[in-house]
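Participant: I am attaching a structure below and will ask some questions about it afterwards.
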Amino acid sequence: MSEKITFADKKRKTVERAEFTEDGRYLRKVRSFVLRTGRLSDYQRDMMNDNWESLGLDYQNTPFDFEAIFGNNNPVVLEIGFGMGRSLVEMAEQNPGRNYIGIEVHTPGVGACMAYAVEKGVKNLRVICHDATEILRDSIANQALGGLQLYFPDPWQKAKHHKRRIVQPAFIERVLEKLAVGGFIHMATDWENYSEHMLEVLQQFPEQLANQSETNDFIPRPDFRPLTKFEERGHRLGHGVWDLYFIKK
Ligand SMILES: C[S@@+](CC[C@H](N)C(=O)[O-])C[C@H]1O[C@@H](n2cnc3c(N)ncnc32)[C@H](O)[C@@H]1O
């Protein structure tokens, strides 16, 4: 019988994978996250071990074959940083004609998402515990995605940390390679300065992206986006919410 993976091993293997320059020097990366501590409960760990075969995907350096993975060729929507995954599972449940891939580096979040997916019986969802920028670069074929969701990404509030924000021109260039024509980019944040930054970055691609906002900036909060944990927290703190929705031309 094959040995069960421990998720401490998985985290070490996937998140701390060192990268090197061609001449062998360690490549220091600017990451969009710090690994939060948080205990993976026994229940979450068991759910991950018992369901990884059917609901989990691992990093690979060749593109995923989505048709083989999902057994259909429905559009695939990628969500980066799903947190505890409740809203992602709800979206998958509400949209059976789409397939969802969720990526999160916070292992207890991956466990919680899987447990909820099992509870809801959703089959059109796969979760990955890895840095999303590496998955986008290596494991997703060009034009393979029907959409990208980025809800309440870490805002990195201090100016000296703005370089750690995941939304940067190079990130959007990569996303554009992976999106099919007609595919969407949907972002939301409760941090006004980040919403302005997101808009500024997305507006740098006028040939490839069409803003769906009537006022050419933000859209009203759409009903189809379930409330997320961080959005709820933002409400408690009295923050506003800004949604951005662009389509690849
Ligand atoms: C502020 S939380 C928001 C979580 C959730 N979307 C919500 O609204 O409740 C941002 C999440 O993005 C994850 N994250 C940040 N950068 C990531 C990356 N490069 N790859 C995967 N997950 C990432 C973090 O671990 C964190 O859980």
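Values in this text are rule-based calculations from the coordinates and carry no lab data. Keep in mind the model is a prediction, meaning the values are calculated, not measured. Cβ: placed from backbone, ideal geometry, glycine included. Neighbour counts: every protein chain shown.
Participant: Quick check: net charge around Asn74, other residues with Cβ under 15 Å of its Cβ, Lys/Arg +1 and Asp/Glu -1?
Facilitator: Values: positive: Arg98, Lys123, Arg126; negative: Asp65, Glu67, Glu93.
Taking every other residue near Asn74 into account, the sum is 0.
Participant: When a/c reaches 1.5 or more, the comparison of a/b and b/c decides; with that in mind, is the stretch 110-249 rounded, prolate or oblate per its Cα gyration tensor? Let's see the in-between values first.
Facilitator: Values: a/c = 1.38, a/b = 1.07, b/c = 1.29.
Rounded, because the longest to shortest axis ratio a/c is under 1.5.
Participant: So who's got an amide H within less than 5 Å of the one on Gly56, skipping anything under 5 residues away but keeping other chains? H placed 1.01 Å off N, in plane.
Facilitator: Val127
Participant: Turning to a different aspect of this structure: Mind running the shape call on the chain? Use the C-alpha gyration tensor, a ≥ b ≥ c as the square roots of the eigenvalues: rounded below 1.5 for a/c, prolate if a/b tops b/c, oblate otherwise. Don't skip to the end; give the middle numbers.
Facilitator: Details: a/c = 1.35, a/b = 1.25, b/c = 1.08.
Verdict is rounded for the chain.
Participant: Listed here are the pairs Lys29/Lys249; Lys158/Lys248; Lys123/Lys248; Lys163/Lys229; which of them are more than 29 Å apart at the Cα?
Facilitator: From Lys29/Lys249; Lys158/Lys248; Lys123/Lys248; Lys163/Lys229, over 29 Å: Lys29/Lys249; Lys158/Lys248.
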